[in-house]
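What follows is a single structure, written as structure tokens, with notes after it.
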Amino acid sequence: MKLKLFALLFFSFTYIIAFSNPIINNAKDDGKVVGSLNGVITDRSNGMPLGGASISIPDLKKGAIADDKGNYIIKDIPKGTYLVEVSFIGYATYTQKVSFSKSTILNAQLKTSSMEEDAVVVTGFSRATNIKLAPVPMVALSKAEINMNAAAGNVIAEIANIPGVSAVTTGPNISKPFIRGLGYNRVVTAEDGIRQEGQQWGDEHGIEVDQNSIDRVEVIKGPASLTFGPDAIGGVVNLITAAPVPDGKILGAVSGVYGTNNGLINSSIKLQGNHNGLVWGTVISDKEAKNYQNQKDGRVYATNYKERDARAMIGLNKSWGYSYLNASLFDDEQAIPDGSRDSLRKFTKQITDQDDSRPTVSESELNSYKIPTLHQHVQLYRIYDNSSIHLGNGNLLVNLGYQYSHRREFTHPTNPSIPGLNLELTTYTYDVKYNFDLGKGYEPTFGINGMYQNNQLGYGTDFPIPAYHQFDFGPFFVIKKTFGKLNLSGGARFDTRSFDGKAAYVDGTKEFYPKLYTGPNPTTTPNVSEQFAALKKSFSGPSGSLGGSYKISDAFILKANVATGFRSPSIAELSANGADPGSQIYHVGNSDFKPEYSIQGDFGAFLTLPNLSASIELFDNNIEHYIFQEQMLDANGNPERVNADGTSNPNGNYSKFTYVQSKARIDGGEFNVDIHPFHWLHFENSLTLTYGTNLGTGGTVPDSLKYLPFIPPVHSHSELRASFAKGFNTLRNLYAFVGFDHFNAQNRFFSAYGTETYTAGYNLLSAGIGGNIINKKGKDILELYIEGTNLANVNYQSNMSRLKYFDNPNVPAGVQPGIFNMGRNISFKVVVPFDLSSHKS
């Protein structure tokens, strides 16, 4: 495995050097390099220079930092039209489209504001786009906002309170994104545009990305199949790493986070450099936590974890374009909770495979960082390259990725080295597109992307899904055009996906654990049974999008978009037949499933006044052949419990779930009002509504079946925030906030067969404070962020938490079953930046 990784890294880097050298040598002779961009960045109110302001051209991955007089320069800019972004903490982001036919001067005057009203996004478009004018519903989270969210235990938790976004969780370190009621294989999570692949169908592990390496997050709310493929029918979460530092700079930072509730310790160091366009960077992180606690459960056994991550980047940014090679390792050990307790509601643990006796967990174990014997080990090795090459009057963008995901769940207490689940997934992704200027303001893009996957079953004893090959292929085109105040964009795509599932047989001889049978006669050998039948399936279908934004005035913008989505069933939905220890679910698939088709309409209205900002975003999504899980019943009409081999047992460790298909509708919207009587004071309010309805397959739908599972309840958020960018003396970028979140009771749940249960409403109080300390030269020497969550220490269960269903099969009468969410937690984050650039630079 390591040899493959090294070989791929070596040949990729050799490719970059070999490819770039002749172009570099001829760059000044090709007639396309037109010079530079320079100017001065000042404060609009007083004309003072804004040293430290960031100026970037996202499409070129080029940027600069203004000096103490506000001056900047970006060199070697090729001919073309690009969006320029100027940003500075405490000021509204400034964007301007600039046509480069010669060296250009761009002076920007920034106005004081704590809102990034004109943020530039790159997700879902072939070129950088002003988020205010993007017809597709989008939201972006900046690095400053990520830092303020110090209490988040993982990268998805950092975005889970964005209106329209939520997360299904299994404890503080396991979160999967849901966008407007859709998740799992309907939401693509990407890193730098490269889709993340790691058994998304599973509940019990999170997104395999180091949160310390992410600089900003962009979210598409709604079908994004056009540019990301068929699994983006619900949306995209694009996790973006830090942009290259300006030429001549070597910058770094050391950061640390401590959380009081579970003793979270999250430390990281990052370093980046740029020398004449040779760019590089690295991030190394270490994170661990004890079991979290609340007043209802005390410390929750088996929610502790340890995570170690590393990434490195090297690349070239020249006049011909850029090419960046990235390599990363994600390594997470996560305890496996089951919620089992004795008559006194003390947590117990499994100590034998027969599970015939469970001792109580000691206080020392509950308060320990040590990972227990029963745990999962998830590793993801990733290598990918992002390249953009100036070709003709456009750019050729090539994104290639390799990922190896190794997921093991160790579930045998008397044989801890033998994994129960052992899945090895290898994925190759490709994305090639060409964008160019057609003339008269038309900006078309043509491309093709997809992936090849190979899933193998390693040595283990539980087999929820088969070994398989999968291949995706999808050509597409997108075109944008501006007619004065009207911006239009649209496109079409056609996807093909093929599965080749391998037959598998299990040897159930009692002298040893069940294992895969590899002999020649599986149908006649005693104690050998078929686990998976061979499967060959192919799915194909179109998708498209058409939308526009109309700028009625600088203060008022209307948006509308209609998009269709296509998604083929996942391998789990088609072929699952086995226990997944970490989720406590025995999955059963259906090979007769049809692909999902959706059509979603979006409408948005956005108002920005000097002292008031408001927005309304409404959506309606209708899905044919919607696939979801429901719990199965035993012969007595009770939720069925089974052993790992699927045999019925009222006290079995697994709930049996099957996948079903139906017509569905999900609609709702997000509403935001921000009252800011002063530029430094904001009273922000948001309301998120998501309703999921099961329309059935014909006829009347019973009340127990009429709602879809895992739909978040009505959620409102109010926050009073004060921000002082200029600060006082050596203190800068000061802020303080108090937040209040209300979650309605979720009484619109999928109650059939005991699949889901009622969830009571609750209120959460949060607060935070932070800022920077600078030296006499105005340079940051320390950043401090303090955040408190659930400050009232409320006992609550989220309907999006899977731990809500973890308990003994028989819970005493009058006791609320399941595990409760985390209690009061105060997090402290410290960042110490440093500059190793030469004095001359």
- Item | Alpha-carbon centroid distance for the pair the stretch 145-180 / the stretch 769-841, whole angstrom | 11
- Message: I need the peptides 436-449, 281-294 ranked by packing, meaning the mean over residues of other C-beta atoms within 10 angstrom, with the highest value on top.
- Response: 281-294, 436-449
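State the dimensionless ratio Rg/Rh of the stretch 703-757 (Rg: radius of gyration of Cα atoms; Rh: Kirkwood radius). Mind showing how you got there, number by number?
Details: Rg = 20.7 Å, Rh = 14.7 Å.
The Rg/Rh ratio comes out at 1.41.
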- Task: Mind checking which lysines have their Cα closer than 23 Å to the Cα of residue 290? Skip sequence neighbours fewer than 8 apart in that chain.
- Result: 176, 306, 346, 349, 370, 804, 829
- With Rg/Rh (Cα atoms, Kirkwood Rh) in mind, check (1) 1.13; (2) 0.96; (3) 1.02 and report the label derived from this structure. (2)
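To make sure I understand, if each residue's beta carbon is the centre and we count other beta carbons within 10 Å, what order do 546, 366 fall in, fewest to most? Provide the component values of the computation, followed by the final result.
On the way: 546 15, 366 19.
Fewest to most other Cβ atoms nearby, the residues stand as 546, 366.
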- Task: Please work out whether the stretch 166-281 counts as rounded, prolate or oblate from its C-alpha gyration tensor, where a ≥ b ≥ c are the square roots of the eigenvalues and a/c under 1.5 means rounded, while otherwise a/b larger than b/c means prolate and anything else oblate?
- Result: oblate
- Based on Cβ point charges of +1 for Lys and Arg and -1 for Asp and Glu, what charge dipole magnitude is obtained for the stretch 139-835 about its Cα centre, in debye rounded to the nearest 20? 1340
- Task: Note the angle between two axes, namely the Cα long axis of helix 2-26 and the longest principal axis of the Cα atoms of the chain, as a number of degrees from 0 to 90, rounded to the nearest 10.
- Result: 20
- Query: Residues with amide H under 5 Å of residue 782's amide H, sequence separation 5 or more or different chain, H placed in the peptide plane at 1.01 Å from N; which?
  - Reply: 773
- Message: Can you order the peptides 92-99, 462-469 by their average number of other Cβ atoms within 10 Å per residue, highest first?
- Response: 462-469, 92-99
- Note on the structure: Expected vector for the stretch 675-688, Karplus 3J(HN,Hα) from phi with 6.51, -1.76, 1.60 and θ = phi - 60°, integer Hz, x for Gly and Pro, equals 9, 9, x, 10, 5, 9, 10, 10, 10, 9, 9, 9, 9, 10
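Can you tell me how the stretch 693-841 classifies by the Cα gyration tensor, rounded, prolate or oblate, using a/c under 1.5 as the rounded cut? Write down the numbers at each step before the final one.
Numbers: a/c = 3.03, a/b = 2.62, b/c = 1.16.
Prolate, since a/c reaches 1.5 and a/b exceeds b/c.
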- Go through 658-666, 589-597, 533-541 and give me the packing order, highest mean Cβ count within 10 Å leading. 658-666, 589-597, 533-541
- What residue among 48, 63, 402 has its Cα farthest toward the positive end of the dipole of the chain, where the charges are +1 on Lys, Arg and -1 on Asp, Glu, each on the Cβ? 48
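Considering only the chain, what is the antiparallel percent among its DSSP beta bridges, to the nearest 5? Write out the running numbers ahead of the final one.
Details: 334 of 349 bridges.
Here the antiparallel bridges make up roughly 95 percent for the chain.
Given N residues in the stretch 275-419, what is Rg(Cα) / (2.2 N^0.38 Å)? List each step's numbers first, then the result.
Details: Rg = 22.8 Å, N = 145, 2.2 N^0.38 = 14.6 Å.
Cα-based Rg divided by the globular estimate yields 1.56.
Can you tell me the FRET efficiency between residue 777 and residue 525 if r is taken as the Cβ-Cβ distance and R0 is 56 Å, rounded to the nearest 0.05? Intermediate results must be reported in sequence, preceding the final value.
Numbers: r = 77 Å, r/R0 = 1.38.
The pair residue 777/residue 525 has a calculated efficiency of 0.15.
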- Query: ³J(HN,Hα) across the stretch 520-531 via Karplus (A = 6.51, B = -1.76, C = 1.60, θ = phi - 60°), whole Hz, x for Gly/Pro?
  - Reply: x, 10, x, 7, 10, 7, x, 6, 9, 10, 6, 8
- Item | ³J(HN,Hα) computed for each position of the stretch 343-354 - Karplus, 6.51 cos²θ - 1.76 cosθ + 1.60, integer Hz, glycine/proline x | 5, 8, 6, 8, 5, 10, 9, 7, 10, 10, 5, 6
- Putting +1 on Lys and Arg Cβ atoms and -1 on Asp and Glu Cβ atoms, find which of 439, 606, 616 reaches farthest to the positive end of the dipole of the chain. 439
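With charges only on Cβ, +1 for K and R and -1 for D and E, what is the dipole size of the stretch 100-156 about its Cα centre, in debye, rounded to 20? Don't skip to the end; give the middle numbers.
Numbers: 5 positive and 4 negative charges, 48 e Å.
The dipole magnitude comes to about 240 debye.
Return the calculated 222 nm mean residue ellipticity for the chain, to the nearest 500 deg cm²/dmol, obtained by summing -39500 (n - 2.57) across DSSP H runs with n ≥ 4 and dividing by the residue count. Mind showing how you got there, number by number?
Values: 5 runs with 44 residues, N = 841.
-1500 deg cm²/dmol, from helical runs alone.
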- From the Cα centre of the stretch 552-569 to that of the stretch 197-243, the distance in Å is 19
- Taking amide H positions as placed in the peptide plane 1.01 Å from N, state which residues far from residue 214 in sequence (5 or more) or on other chains have amide H under 5 Å from it. none
- Task: Please report, in debye to the nearest 20, how large the charge dipole of the stretch 32-112 is about its Cα centre when each Lys and Arg carries +1 at its beta carbon and each Asp and Glu carries -1 there.
- Result: 300
- Task: Using amide H atoms built 1.01 Å from N in the peptide plane, name the residues 5+ places from residue 249, or on other chains, whose amide H lies under 5 Å from its own.
- Result: 274
- Note on the structure: For residue 815, placing the label point 7 angstrom along Cα-to-beta-carbon and taking the stretch 292-310, residues whose amide nitrogen sits under 18 Å are 294-302
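Using a ≥ b ≥ c from the Cα gyration tensor of the stretch 110-230 (square roots of the eigenvalues), is it rounded, prolate or oblate, where a/c under 1.5 gives rounded and otherwise the larger of a/b and b/c decides, a/b for prolate? Each step should come with its number before you reach the end.
On the way: a/c = 1.90, a/b = 1.25, b/c = 1.52.
It is oblate, given that a/c is not under 1.5 and a/b is not larger than b/c.
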- Note on the structure: residue 432 and residue 671 label points (each 7 Å along its Cα→Cβ direction) are spaced in nm at 5.0
- When the charge dipole of the stretch 78-146 is computed with +1 on Lys and Arg Cβ and -1 on Asp and Glu Cβ about the Cα centre, the Cα farthest towards its positive end, among 88, 129, 101, belongs to 101
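Since every read-out is calculated from the coordinates, none of them should be taken as a lab result. None of these values were measured; they are calculated from a predicted model. No Cβ is skipped: glycine too gets one built from the backbone with ideal geometry, and neighbour counts run over all protein chains shown.
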